[in-house]
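Read the structure below first, then the notes.
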Amino acid sequence: VLGNKRKHLNSLQLGNPNRGRHVFLIGGLHGCQWAAPLGMLHTAFALFGRGVFTRPILDAVRFHFILIANPDGYDYSRRRSPPTAKHWCKNRRVLGKSHGVDLERNWGTPGISWGFGKTGKGASKHSNYQGPYAFSESETRAIRDYISHFSTGRGRSALLHVRCCSGSVTPPKYYDTSVSNISNGVDPPPPANKPMGISVDVVAKFLAKTITPTPLKYQTIQRGDSIGRSDTGRMIDWAYSEANIEHAYEVDFRASGLATHMNFDLINEKPFNEMAYAIERATIVITQLLLSVEITGPKQEFPFTKGIIKPIHAEKEENITSTSTRNSMKLKTSKSSKQKHKQVLI
């Protein structure tokens, strides 16, 4: 069970599980970003509810929406007290006299893509604390294993890390896990070139240009020559370098402050609606990019867990293979055959 409060980590799934292609949307790694999970949920409703317009894409891939990847931090940030709780982004792991690890900085390989953040006494008090070691948190380990199960080769998976709210697209940085650690333990190893030949910088600029029709375009974040303190342990770098994911991008969707921290009721107003529209466009673009990559590697059986999975919803009248389920790393089913089957990622 994930976190100190024993909360489940759920995945909402849409689309065809038999094609061997999967698109992952991960949100809520920072508990304080309330709008991102809700925008992803709107996107799932849009994909499932547009009928003939989204039927081909739902038949071609399986979508996995992990809406709240940091359930403990998310719940804590929505407290009314203390006043600073709404700005809490880490999880709620107890670390001596402090709490929490930044789940956006807990991915990768030590000495190569992780470990360049603050360490030593008092490091855990910082808001971007990377953790005592890579994948030290149950949340990041669970998501890592879940994604890795399906990402067995090129063209199998794509990933969007959904954040809020600066309006930017960040491409991944490739690293070679065979490069030995630098002796001083501080400087990152020299940059490596991924042999796949796809320019993620060009794709990131394309994403930034096409996900919103408004004049206020998204910017593209330029990565440095190597992974250092400012970008240690990022999920998109791990996905691109170690998980066989050809397209993995971090998209910081634009929304107003009122739609994130100030007033939960205002999330349904115009700034949030524009954000939800942008997430939907980004999801379609990343799916089209995935479908253009030739598939390699074996197809993994669906679902991730053992046992028979029965969908919660199914469009039988339209004969659409898309279904909506809650997925997890462990299947819990009721003994009564009359109750519906659910999946919970724990």
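The values are calculated or read from the model by the stated rules, or taken from the named source; none is laboratory data. Quantities reported herein were computed from a predicted structural model and do not represent experimental measurements. Cβ: placed from backbone, ideal geometry, glycine included. Neighbour counts: every protein chain shown. Remember, those area values only see protein heavy atoms, side chains included, never the ligands or the DNA or RNA. Shrake-Rupley method; radii C 1.70, N 1.55, O 1.52, S 1.80 Å.
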Among the candidates Gly115, Gly108, which residue alone is more than 20 Å from Ile68 (Cα to Cα), buried (at least 21 other Cβ atoms within 10 Å of the Cβ), touching a residue at least 40 places away in the same chain (Cβ under 8 Å) and out of contact with any Lys or Arg (no Cβ under 8 Å at 6 or more places or on another chain)?
Gly115
Can you tell me which of Leu95, Leu67, Leu103, Leu41 is of a type outside the set (Lys, Arg), within 18 Å of Lys7 (Cα to Cα) and open to solvent by 30 Å² or more (accessible area, probe 1.4 Å)?
Leu67
Working only within the range 15-34, note down all residues that are at positive phi and either of a type in the set (Lys, Arg) or in contact with a Phe, Trp or Tyr (Cβ under 7 Å, 6 or more places away or on another chain) (or both).
Gly15, Gly28
Give the residue that is modelled with the lowest pLDDT, with candidates limited to residues of the range 48-72 that are over 17 Å from Val285 (Cα atoms) and in a helix (DSSP H, G or I).
Gly51
Between a first residue in the range 264-285 that is closer than 16 Å to Val61 by Cβ and of a type in the set (Ser, Thr, Tyr) and a second residue that is at pLDDT 85 or above and open to solvent by less than 10 Å² (accessible area, probe 1.4 Å), which pairs have beta carbons less than 6 Å apart while being 6 or more apart in sequence or on different chains?
Thr283/Thr43
Pro271 passes all but one of the listed conditions (1) at pLDDT 95 or above; (2) surrounded by fewer than 23 Cβ atoms within 10 Å (Cβ to Cβ); the exception is number (1)
Within the range 201-237, how many residues turn out to be of a type in the set (Val, Ile, Thr), at pLDDT 90 or above and either within 20 Å of the chain's Cα centre (by Cα) or crowded, with 16+ Cβ neighbours inside 10 Å (or both)?
5
Quick check, is Ser148 assigned to a helix (DSSP H, G or I) and more than 18 Å from the chain's Cα centre (by Cα)?
no
With more than 14 Å from the chain's Cα centre (by Cα) and polar (S, T, N, Q) as the only criterion, which of Asn70, Asn16 stands out?
Asn16
Of the listed residues (Thr54, Thr43), the one being of a type in the set (Ser, Thr, Tyr) and under 17 Å from Asp252 (Cβ atoms) is Thr43
Taking the range 126-174, which residues are open to solvent by less than 10 Å² (accessible area, probe 1.4 Å) and either of a type in the set (Phe, Trp, Tyr) or at pLDDT below 90 (or both)?
Tyr146, Phe150, Ser151, Gly153, Gly155, Gly167
Which pairs turn up if I take residues in the range 30-47 that are part of a helix (DSSP H, G or I) and look for partners that are β-branched (Val, Ile, Thr) and open to solvent by 20 Å² or more (accessible area, probe 1.4 Å) with beta carbon separation below 9 Å, at least 6 apart in sequence or on another chain?
Pro37/Ile68; Leu47/Ile57; Leu47/Ile284
